[in-house]
Structures are given as C-alpha cells and as structure tokens.
Amino acid sequence: MRTPLPLLLALCLLATTAAADTRFRLCTLDQPFYPYTMPDGSGQLQYLLREASKGLPLQFKNYTAPRRRCLEDLKAGRAEGVVGAFAPERQAYAAFPLREGRLDESQALAVTRFLLYRLPGSRSQWDGSGFTQLDGKAIGVQRGFVHVDKLRASGAALDDGASSTEQNFDKLLLGRLAGVVTLEDEARRLLQGRFAGKIEAVEPPFDRTVLYLLVARPLYARQPELIEHYWQAIRTMRHSPAFKQYLQQYR
C-alpha cells in the first residue's frame, strides 16, 4: 500500500519534531466482541489499529479490561484510546473524528448491527421504536455498552449484570430474560455452537452502531495533528487491499 504524498510529508514532519514516540495505550474489552476485539488481541479492529499505527510516532500497546473500566481509564488518563460508539456524554472526555463539526463516518473503524434475540416461540418483539410482549421480564445487555441508555429510554426493564453475550444467552435459556440485545456478529458465532436452534434473532435491528477510535481529550489537545493523522491512517488501512485480504479469513 503506497502512502499518499501529503500524508507522507506530514509523517516525516511529525517524526522529526517529536522528541520520542507518543505512548498510546488502547483499552479493549476483556470479553469476546467477535470479530472486532478479542481478549488475546486477535480481533479485526485490534489488527487494524496496530497496522494503522505503523509509521506514526506512536508506542502502541493494547490491554484488556471490563468495558466500564476502559471508559474510566480513558477519563483518568490511564488509557489513550478505546474502541466505542458515539454518545453525547462521552464528548466530555473523548475526541472523535470530525469533519465540519460532524462525526466523520469515513474514519470509523466499523459499522455494526445490534439485534434483539429471544427464545423460539417467544412473543418478545422490537418494532423499531419500542419493545412489546416482554411478559414482565427484563432485556439483557452487556454492562458498560452505549445501548444501555437507549434501552432505558425505551421504557423496558433492563438487566446489565452480564459481562458477555454468552452469559446473557444463558440467562435467556433459564427464563430470566425476555430477550437479549447484542452484537449480531458475536451472536451469529454463538448460535453456530451450543445455542444452535435454541435462540433466534429478531428484525428490525435495535441499533446500527458505528464504532470509532475514541481518543483521550488531553492527548488530542496536546497533539491534534498526530491524532488526526492516525484517524486518516485508519481510513486508508481499512479500505486497503491488504486489510480486505486479511478479512477473508472471517468469511
């Protein structure tokens, strides 16, 4: 993949002016968020972020923690980056890629879907604006996910005690939940295993979720040019033939 000349010149300038590489600690979920991030670092987005950081004056390091801990680390300066979705309250401590003051989806990491999952024969439904036929039970969602606020706004009872989709699916099988809202890709993988034939997906999707690299505001304030170049490098890498070839292993 050839680096565009303007970006190459900018990288040279950054390299010569920086006294040392900038520390960039990425905090990702300590549970599978397949195929995007994995506890062992093998997720698609962990690979994308590592590759995009090459050639930039960044000391890239990935570590894992519970979701809420990752966000707290970003707030406290213990992490420089987190993979996540946009939420208004996150703007207080995280910078997002923008163009003309608006979120720049072209510099996103991925676009995902979150669906409602239920037991076959269940009447639980999401109609695009609200839940119906929950029979007094709660909807399960992983703790720390941005969808918690949307679920609360829907008026449905909420259970965010589980740290993984697998735990929520087990709760669903035990009859403790009316349904589970979770990542379609992760659920599809689980439904090919021990949950096959026991749980089904419900359309329409609960949410179309765009994932970005959230960057700690203090770092962005100190080195905005470096972070802007990192977001641009992510966009370039995401659409590169090399990354598309890498994704073939997931098909």
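The values are calculated or read from the model by the stated rules, or taken from the named source; none is laboratory data. Note that the structure is a prediction, hence the values are computed from the model and not measured. Cβ placement follows ideal geometry from the backbone for every residue including glycine, while neighbour counts extend to all protein chains displayed. Remember, those area values only see protein heavy atoms, side chains included, never the ligands or the DNA or RNA. Shrake-Rupley method; radii C 1.70, N 1.55, O 1.52, S 1.80 Å.
What to note about this one:
- Residue of 195, 24, 96 that the Gaussian network model of the chain assigns the largest fluctuation, springs spanning Cα pairs under 10 Å: 195
- Measuring nothing but protein heavy atoms, the accessible surface of segment 206-246 at 1.4 Å probe radius is 52 percent carbon and sulfur.
- The simple spin-label model puts a point 7 Å past each Cα toward its Cβ; for residue 174 and residue 61 those points are separated by 3.8 nm.
- With the helix formula -39500 (n - 2.57) applied to DSSP H stretches of n ≥ 4, the chain reaches a computed 222 nm mean residue ellipticity of -10000 deg cm²/dmol.
- Accessible surface, the chain, averaged per residue in Å² (probe 1.4 Å): 48
- Taking other residues whose beta carbon is less than 10 angstrom from the beta carbon of residue 151, and scoring Lys, Arg as +1 and Asp, Glu as -1, yields -2.
- Cα long-axis angle, helix 44-53 against the chain (0 to 90 degrees, to the nearest 10): 10
- Segment 84-115-segment 131-169 distance, computed between alpha-carbon centres (Å): 22
- Most fluctuating residue given options 32, 241, 205, as computed from a GNM of the chain linking Cα atoms under 10 Å: 241
- Sorted largest first, extent of segment 15-86 alpha carbons per principal axis (Å): 39, 26, 22
- Its Cα centre serving as origin, the chain has a Cβ charge dipole (Lys and Arg +1, Asp and Glu -1) of approximately 260 debye.
- Of all lysines in the structure, those lying under 21 Å Cα to Cα from residue 54, and not within fewer than 8 positions of it along the same chain, are 244.
- Hits among aspartates and glutamates - C-alpha to C-alpha of residue 137 under 16 Å, sequence gap 8 or more where chains match: 159, 160, 170
- Nearest 10 degrees, 0 to 90: helix 67-76 Cα axis against the chain principal axis: 30
- Scattering curve values for the chain, log₁₀ I(q)/I(0), Debye with Cα scatterers, q = 0.16 Å⁻¹: -1.17
- Evaluated on segment 70-173, the Kirkwood hydrodynamic radius is 16.0 Å, with distances taken between all distinct Cα atoms.
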